[in-house]
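Report on the structure given below.
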Amino acid sequence: MSNRGFVVRAGVWLAIAAGWQHASADTALELAPIVVTATRVAESSAEVPASIDVVDRGTLRDGQLQVNLSESLLTVPGVSVQSRQNYAQDLQISVRGFGARSSFGVRGVRLYSDGIPGTMPDGQGQFSQFDLGSADHIEVLRGPFSALYGNSSGGVISVFTEDAKPGYSVDGTVEYGTFNTQRYALKTTGDDGFINYVVDASHFQTDGYRYHSDAERNNFNAKVRFDVNETSTLTVIGNAVQTPFVQDPLGLTRAQLATNPEQAGTGAIAYNTRKDLAQEQLGLVYDDKFTAHDDFTSTVYTGHRTTTQFQAIPQATQANAPLYPGGVIDLGRAYYGVDTHVTDQRDPADMPLQVTLGLSYDDLEEARKGYLDYVGSELGVEGAVRRDEANHVYDFDQYLQAQWDPAARWRLTAGVRNSAVDVSSHNHLPSATAPDSSVSYSAVDPVGGVTFRASSAVNLYASYGKGFETPTLNDLAYRSTDGSQPGLNLALKPARSNNYEVGVKAGNDIVRVNLAGFYIKTEDELAVLANTNGRTVDQNIGETTRHGVELAVDADLSRGFSARVAYTYIRAIVAQPYYTCVGTPCKQPTGTGPLPANYLLVAAGSYLPAVPMNTLYAGVTWKYPAIGFTATLETEGRARIYTDDRDSDAAAGYWVSNVRAGFQQESRHWRFSEFASLDNLANREYVGSVIVNESNSRFFEAAPGRTAYIMFNAGLRSD
């Protein structure tokens, strides 16, 4: 899809949005103010000198499967969330290009659920424990102020569980759709003035779009809040996720994609590639307003996660390389942490001043094992142990942030976070050649911003911040793709960035517009050196730059119509040349001697893979309250994305349109809803995501054609 096409379509939608400003206020649905907690204190999003969007409950639930973040975050500019059609791998999530290269899980982006990190201290995160069925809203923070959340803060995605309304309720949901997709959920809520609780459980299963992509997932989420006294509350949050069996269809080559995009990749059937995981987590949040000016919040959490994954690594590769860590990855992770902060708010000389001082500690103990994935001639079964090590990561951070209004039109916001991350590894195999090792990283990241209230409807802002991203345990895990260089990849350094942003936030009760421009310069960017045989070797590639524009327009019109437009332009490129490895073998360069022939130069100016230059979302919703009817028509467009550092191949851009509609009925005690959705109306063939730098060129993960889903919900509520 050409840049010109994007500009034309964006211009049409902006022209429509401009016309909406003339809609009659007395017949329009007024836009509700957006309250956010990005600065750890609830306030209007228009006052924050940063790009932040909120996805509300209706967007999360009405006509949605409530399974993947990709369903709703496509409405947020600057964010790319691509569903792999592969539940054995997490979504491909990136914010302004951060995290796009991740080959496993989510990195470069901080994840939170009710204030509890979904990102471990090494910077690796998972989203599978996020329960969208009981979510009230999602906040998405981009830009310099993300650094106040610590390591790997290219952006921050926070999910918040709903609060129960007075009385009690019970809701049941049933969903069916294409590929034998099914979801069943049961939720109960209640509030008696002392205890406020929300408990939700769901089961999801699908045969998948591609062959060998069956999946099953069970989620549980509970939030219980107690009013300890008139000034303090205690909230208990518990959740669990279990995927007892998920098949992995792997990536496709260009030829396989052209022949049959539904097929499984090479070796998937022979080795029965699959994954299972289980996680349990418990957290406590204590809030106390202990004086008229001071608030205290402390969060403690603990959890355990196990993951087992069978890969399609040729038996000969494993047998012929004595140091190869095998085709089965077995991880056990125990973690805990605490975050405590105090906020003081005063008005000295009628100039409001807010100061927050806090500290956090997060700890992760990982047991990492590797096994052969064959026994004799039988493939896809757990064989002899090849790797057995204990890894430990912790971070200890302190942060300070302040907000001051020296005049009616001005607000100054600043902060600093001191971070220390320590990684250590101990090998348990008696014949191991990899010695025990450790490495430490640290950073002091300042941020600052200014907001100018140009008028009652327009705020201008500018901000700057430093950030850093440490290598994750998965980044450090391998120095070579064949095991010939055992031990952690301690040559990796953390990436460090300078982040600049300017913007305008304008709006009234009818139209709201947010426009931001950004520039990011990153040194020692973390990237993939090689990705083959189930092993990814990372490297630092020097300097990269990202610059772009984000635009979000919301409008409420007369006669029940409302609309949302989100557009992103980002140019993410390599600023310094470096080498990458294709084929095999691939090892971390030692810095001496000539490089092998399969190390190829990546030229300066090359585009970062998996980062689309243009994306556009446009959606129109019509509500007819008299009969409880809601309908949404939306279109998403994305420019092509490159598959590797050399830009040797790319997944083409696409336009996809979806529609969903439904009815809701309410009485004194009962509430019913019936929704249907139809995705990819034109039945287009396109690639939904890519596996970055896959050395065998198995880059592509195809998206499905036209799909249909129906959802039914019934709820009983007391007075």
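The residues in segment 360-383 that are surrounded by 14 or more Cβ atoms within 10 Å (Cβ to Cβ) and part of a strand (DSSP E or B) can be counted, and the count is 14. Regarding residue 167, is this residue farther than 20 Å from residue 475 by Cβ and touching a residue at least 40 places away in the same chain (Cβ under 8 Å)? For residue 167, the condition - farther than 20 Å from residue 475 by Cβ and touching a residue at least 40 places away in the same chain (Cβ under 8 Å) - is met.
Residue under question is residue 544, and the condition is that it be crowded, with 21+ Cβ neighbours inside 10 Å, closer than 20 Å to residue 601 by Cβ, out of contact with any strand residue (DSSP E or B) (no Cβ under 6 Å at 6 or more places or on another chain) and in contact (Cβ under 8 Å) with a residue 60 or more places away in the chain; does it hold? Judged against the criteria, residue 544 is not a match. The sole residue among 555, 618, 610, 572 that is touching a Leu at 6+ places or on another chain (Cβ under 6 Å) and crowded, with 22+ Cβ neighbours inside 10 Å is 572.
For segment 61-91, the set of residues classified as within 13 Å of residue 632 (Cβ to Cβ), outside any loop (DSSP other than H, G, I, E, B) and touching a strand residue (DSSP E or B) at 6+ places or on another chain (Cβ under 6 Å) consists of 74, 75, listed by residue number.
Looking across segment 664-681, the residues that are out of contact with any Lys or Arg (no Cβ under 8 Å at 6 or more places or on another chain) and either within 30 Å of residue 538 (Cα to Cα) or loosely packed, with under 15 Cβ neighbours inside 10 Å (or both) come down to 666, 667, 668, 672.
Within segment 150-191, being over 30 Å from residue 680 (Cβ atoms), part of a strand (DSSP E or B) and hydroxyl-bearing (Ser, Thr, Tyr) holds for 161, 168, 169, 188, 189. Counted as qualifying within segment 254-347 are the strands (runs of 3 or more DSSP E) with 2 or more residues that are among the polar types (S, T, N, Q) and within 20 Å of residue 89 (Cα to Cα), namely 294-310. Taking the conditions (1) in contact with a Gly (Cβ under 8 Å, 6 or more places away or on another chain); (2) among the small types (Gly, Ala, Ser); (3) buried (at least 23 other Cβ atoms within 10 Å of the Cβ) in turn, residue 462 satisfies each one other than (3).
Checking 131, 90, 122 one by one, the residue that is buried (at least 22 other Cβ atoms within 10 Å of the Cβ), of a type in the set (Asp, Glu) and more than 30 Å from residue 714 (Cβ to Cβ) is 122 and no other.
Of the residues making up segment 189-220, just one is β-branched (Val, Ile, Thr) and surrounded by fewer than 17 Cβ atoms within 10 Å (Cβ to Cβ), namely 195. Being farther than 29 Å from residue 477 by Cβ and either buried (at least 17 other Cβ atoms within 10 Å of the Cβ) or under 21 Å from the mean Cα position of the chain (by Cα) (or both) is a property that does not hold for residue 276.
Where a number appears in this text, it was derived from the coordinates with a stated rule and is not lab data. Quick caveat: nothing in here was measured; it's all calculated off a predicted structure. When we count neighbours, we look across all protein chains shown, and the Cβ atoms used for this are built from the backbone with ideal geometry, even at glycine.
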